[in-house]
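Chemist: One structure is given below, represented as structure tokens, and several questions about it will come after.
The values are calculated or read from the model by the stated rules, or taken from the named source; none is laboratory data. Model, not experiment: these values are computed from the prediction. So basically every Cβ, Gly included, is an ideal-geometry build from the backbone, and we count neighbours across all protein chains shown.
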């Protein structure tokens with residue numbers, strides 16, 4: 001699985017949640033709107049009162065701010081789980097897969113921003129493990145970057161400001177087209193892949209509302225053709 005040593009060494013406790021909260025407070029930031037739009041999109045797929053698992057939940061930002069029903073968050077980083085437990089006590093967070101299995105089966109599972117850090121073999125193992133936790137009619141929502149020009153551009157720009165270098169642990173650089181041709185598709189009965197997030201997000205540097213305006217405008221005009229993030233919804 002993803003290199004735990006890298007995450008424990010380079011990512012401070014609560015790092016992503018604190019960045020999110022700082023962007024909310026300052027009303028500007030590409031990373032804030034990137035996460036906000038992603039979380040809002042994933043939330044659309046969650047059913048009310050469903051039993052949900054957020055796998056690789058980090059410091060709990062998605063569950064804590066976007067999910068109302070009682071849910072479980074899992075992450076391999078104990079320090080991120082410690083932060084999430086303190087910050088978002090309305091959900092259960094754990095780094096123990098035994099507890100995750102005890103709470104199963106789940107109606108839905110979200111895996112936000114993990115696939116790019118796994119090999120194809122690791123993704124296959126992950127899928128099999130998640131399948132064993134699902135209800136028969138359950139579904140999983142994955143997100144992962146769409147590694148085309150616009151995504152590579154925003155990564156390059158972000159590298160000048162970002163204090164974490166992900167290049168060494170970014171293994172899988174899929175596009176929508178490569179996913180469609182991959183073995184990933186054969187693991188499920190029903191697969192839907194679409195794109196969100198575009199370069200309108202750059203205007204979030206000035207103000208979050210400006211970033212939202214141009215993001216939505218470009219998305220409608222080009223029908224999300226140049227989306228930088230893939231949303232992959234699969235049914236078991």
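Chemist: Within segment 1-17, identify whether any single residue is modelled with pLDDT under 95, under 20 Å from residue 134 (Cβ atoms) and more than 15 Å from the chain's Cα centre (by Cα), and answer yes or no.
Modeler: yes
Chemist: Check residue 194 against each of (1) part of a strand (DSSP E or B); (2) modelled with pLDDT under 90 and name the one condition it does not meet.
Modeler: It fails just one condition, (2).
Chemist: Further question on the same structure: Taking the conditions exactly as written (at negative phi, at pLDDT 95 or above and outside any strand (DSSP E or B)), does residue 211 satisfy them or not? Steps first, please.
Modeler: Numbers: at negative phi: yes; at pLDDT 95 or above: yes; outside any strand (DSSP E or B): yes.
Yes, satisfied.
Chemist: Kindly establish whether residue 93 is modelled with pLDDT of 95 or more and within 28 Å of residue 195 (Cα to Cα).
Modeler: Values: modelled with pLDDT of 95 or more: yes; within 28 Å of residue 195 (Cα to Cα): no.
Answer is no for this residue.
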